[in-house]
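One structure is given below, encoded as structure tokens.
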2 protein chains.
Amino acid sequence: MQTKLEGRTKTYFVDTEGPTTLIGEKINPTGNKRLLAALKAGDHEFVRALAVDQVATGADLVDINVGVPGLNEPELMENIVKIVSEAVDVPLCIDSPNFEALKAALFAAPGRPLINSVNAEEASLERVLPMVKDRDCAVIGLTIDEKGIPKDVDTRLRLAGKILERASRYNIPTEDVIIDPLVLAVSTDHEAAAKTLDAIQQIRAEFGVSINLGASNVSFGLPDRHTLNQSFMALAIAAGANCLITDPFRLCLTMRATDLLLGRDAFSGRYIGHYRSMQSRDS
Amino acid sequence: MQTKLEGRTKTYFVDTEGPTTLIGEKINPTGNKRLLAALKAGDHEFVRALAVDQVATGADLVDINVGVPGLNEPELMENIVKIVSEAVDVPLCIDSPNFEALKAALFAAPGRPLINSVNAEEASLERVLPMVKDRDCAVIGLTIDEKGIPKDVDTRLRLAGKILERASRYNIPTEDVIIDPLVLAVSTDHEAAAKTLDAIQQIRAEFGVSINLGASNVSFGLPDRHTLNQSFMALAIAAGANCLITDPFRLCLTMRATDLLLGRDAFSGRYIGHYRSMQSRDS
């Protein structure tokens, strides 16, 4: 199954049968003091460079999250979307829980962006799905509802079905919904990752849709998070996740390595190409 | 299924349901000039330290390979086995294609060692399996025969069956044979790793035995081999490999991370324990 996305000049397909999609996560002020300061100061050059560097390092899409307490998110989102879409030609991933910010971003974004995200709460379904339909774009559907992130696999499967069923009522085609089964930290539940891996397999088998995942929450609260994130990325891709929101600077090579090991990179071309581009950037 | 092994004082079980077993691979002169020189010079302190450090870093077993052109392998093997078995209390993995060296090692080793390896060639089956029976120990069975390492999955499955069937004729119980489906370099065949992962799953499903793998051949000929080895380790464990011959210094944390992410490490105890022990060694 393919989800068609478009940036300013580039068309990109998230593809259940293709190599894994990397959504660059770095334009997000949570835990990034330099970006937070840049957004507050209106220093857009920093944001622009973050977008350009991520794409140069292998990001297929660029996520944009500008939620900063005290700033007008719809206005800021519109500005940053314009700046990023002029800086890079790949599709954008519009990341906000604020409906007005989503609306402003969808208006400003070129092509066919990806909304991050709708979830299975009524308030979210009723607000976000009409935007997806009207704007003719795609959306990430999180398997979360009024009760929070389900700990079990069955509820995630049910919520994925609910989101897909609601989307179909709006005549949004299944391929325009990418399901994200979410992962909790293994530090609080040592079966959390295993359950998410199980959910990925089951949702993929049941609905055939693309599966997205944020690949760093899993290691929260533990030492050497990078090693955990690397292993989890490999496990998630093998289970059927074909789209990852992550740090391209630190994890693109692991993603390419995993695709190669799963037989999805003829002549190691993408792996070696990424390695060489990193080398030339470092030198 | 459990394979009982014994060192000088320690009993250890390779367990299909347990955490992954790490066989420390560092006592092997191939590509290790310092060890090669130490073996030639009869500097056994270097070998002893390699054994002790590997066990301190998380190796559950210590592999001993002393094949050095020009040296008397049976005599050297006997000496090194004695030295290592006095230095560490874990079981030994006796690694040689030389039948006389295996015989000498089995005579010198305490407890219940693991032979690395028998394969599906007649000459190997006829020589090694009687030793396994007579010595009452365990053995790694490589799915390779006179024609070399099979590229396909079916032949590996057939050779695993052949080794297990032959073992049973010698009244060697199934649990004393650990199957190694081998992995070829992805640089020469980009589907090589995927086939091995498939073979792991199928051999495990068909025979229920423990699966061993060397986790570094896969990356031969490619840059940043460590990243590839890390990803492959995660994929192999998820596919059903429960025993890995590898470098504990570089890959034990990835192994513990993967076990944790697969729900096999309650309260992250083994992962955190390993991290802390590395920290205290570094400081």
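The values are calculated or read from the model by the stated rules, or taken from the named source; none is laboratory data. It should be emphasised that the depicted structure is a prediction, and the values quoted were computed from it without experimental measurement. When we count neighbours, we look across all protein chains shown, and the Cβ atoms used for this are built from the backbone with ideal geometry, even at glycine. Note: areas computed on protein heavy atoms with side chains; ligands, DNA, RNA excluded. Shrake-Rupley method; radii C 1.70, N 1.55, O 1.52, S 1.80 Å.
Per the Debye formula on identical point scatterers at the alpha carbon atoms of the stretch A:147-223, with no solvent, log10 I(q)/I(0) at q = 0.11, 0.13, 0.20 Å⁻¹ is -0.29, -0.40, -0.84.
Label the stretch A:144-283 by shape, choosing from rounded, prolate and oblate, from the square roots a ≥ b ≥ c of the eigenvalues of the Cα gyration tensor; if a/c is under 1.5 it is rounded, and otherwise prolate applies when a/b is larger than b/c, oblate when it is not. Since a/c reaches 1.5 but b/c is at least a/b, the shape of the stretch A:144-283 is classed as oblate. Under a 5 Å amide H cut-off, with hydrogens placed 1.01 Å from N, A:SER117 pairs with A:SER96 among residues at least 5 apart or on other chains. Comparing the full protein assembly with the isolated chain (1.4 Å probe, heavy atoms, ligands and nucleic acids excluded), the residues of the stretch B:238-266 losing at least 40 square angstrom of accessible area are B:LEU260, B:LEU261, B:GLY263. The chain A residue nearest the rotation axis shared with chain B, using its Cβ and rounding the distance to whole Å, is A:ALA234, 2. Measuring nothing but alpha carbons in chain A and taking Rh as the Kirkwood radius, the Rg to Rh ratio lands at 0.94. Averaged over the residues of peptide B:26-39, the number of Cβ atoms from other protein chains lying within 10 Å of each residue's Cβ is 0.
Distances, shortest first, from the label point of B:GLY70 to those at the same position in the other copies read 7.2 nm; the point lies 7 Å along Cα to C-beta. Dividing the mean sequence gap of close Cα pairs (under 8 Å, 6+ apart) by how many residues chain A holds gives a relative contact order of 19 percent. Of B:ALA104, B:ALA51, B:ALA120, the residue with the greatest mean-square motion in the GNM of chain B, using alpha carbon springs below 10 Å, is B:ALA104.
Sorted largest first by accessible area at a 1.4 angstrom probe radius, with every protein chain in place, the residues B:THR188, B:THR3 fall in the order B:THR188, B:THR3.
So what's the stretch A:207-267 giving for Rg/Rh, alpha carbon basis, Kirkwood Rh from the mean inverse pair distance? The partial results should precede the final answer.
Values: Rg = 11.8 Å, Rh = 12.0 Å.
We get a ratio of 0.98 for the stretch A:207-267.
Note on exposure: A:PHE13, A:PHE267, B:PHE46 ranked by accessible area (1.4 Å probe, complete protein assembly) read A:PHE267, A:PHE13, B:PHE46, with the most exposed listed first. When nucleic acids and ligands are ignored and a 1.4 Å probe is applied, A:ARG166 ends up with an accessible area of around 40 Å². Derived scalar couplings between HN and Hα for the stretch A:183-197 equal 10, 9, 6, 5, 5, 9, 8, 6, 9, 4, 5, 4, 5, 5, 4 Hz in order, rounded to whole Hz, by the Karplus curve 6.51 cos²θ - 1.76 cosθ + 1.60 (θ = phi - 60°), x for Gly and Pro. Counting Cβ atoms of other protein chains within 10 Å of each residue's Cβ and taking the mean over peptide B:225-233 gives 6. Distance between Cα centroids, the stretch B:212-283 to the stretch A:206-283: provide it in whole Å. Comparing the Cα centres of the stretch B:212-283 and the stretch A:206-283, I get a distance of 16 Å.
Students sometimes get this wrong: rank B:LYS4, A:LYS151 by accessible area, probe 1.4 Å, all chains present, largest first.
In descending accessible area the options line up as A:LYS151, B:LYS4.
The rule of thumb for compact globular proteins, 2.2 N^0.38 Å, goes into the C-alpha radius of gyration of the protein assembly as shown 1.08 times.
Using just its DSSP H runs of length 4 or more, each adding -39500 (n - 2.57), chain B gives a mean residue ellipticity at 222 nm of -15500 deg cm²/dmol after division by all residues. Close amide-amide hydrogen proximity is noted between A:CYS243 and A:THR21, A:ILE211, A:LEU213, each under 5 Å apart and 5 or more residues distant or on a separate chain (H modeled in the peptide plane; Pro and chain starts excluded). Buried accessible surface for the B/A pair, both sides summed and rounded to the nearest 100, is 2700 Å² with a 1.4 Å probe. Across the stretch A:223-239, computed HN-Hα scalar couplings (Karplus, 6.51 cos²θ - 1.76 cosθ + 1.60, θ = phi - 60°) run x, 6, 4, 4, 4, 4, 5, 4, 4, 5, 4, 4, 5, 5, 5, 4, 6 Hz from first to last residue, x flagging Gly and Pro.
Per residue, the stretch A:199-246 exposes an accessible area of 27 Å² to a 1.4 Å probe, with every protein chain left in place. Rolling a 1.4 Å probe over the protein heavy atoms of the stretch A:98-187, with every protein chain left in place, gives an accessible area that is 50 percent carbon and sulfur.
To put it simply, the accessible area of the stretch A:222-276 at a 1.4 Å probe is 52 percent carbon and sulfur.
Distances, shortest first, from the label point of B:LYS33 to those at the same position in the other copies read 4.5 nm; the point lies 7 Å along Cα to C-beta.
Comment: the Cα-to-Cβ extended label point of B:LYS151, at 7 Å, lies 5.0 nm from its counterparts in the other copies, nearest first. Under the criterion of Cα pairs below 8 Å and six or more residues apart, the relative contact order for the stretch B:1-86 equals 29 percent. The C-alpha atoms of the stretch A:39-85 occupy a region whose extents along the principal axes are 33, 17, 17 Å, arranged from largest to smallest.
The stretch B:1-143 gives an Rg/Rh value of 0.95, both radii derived from C-alpha positions and Rh following Kirkwood.
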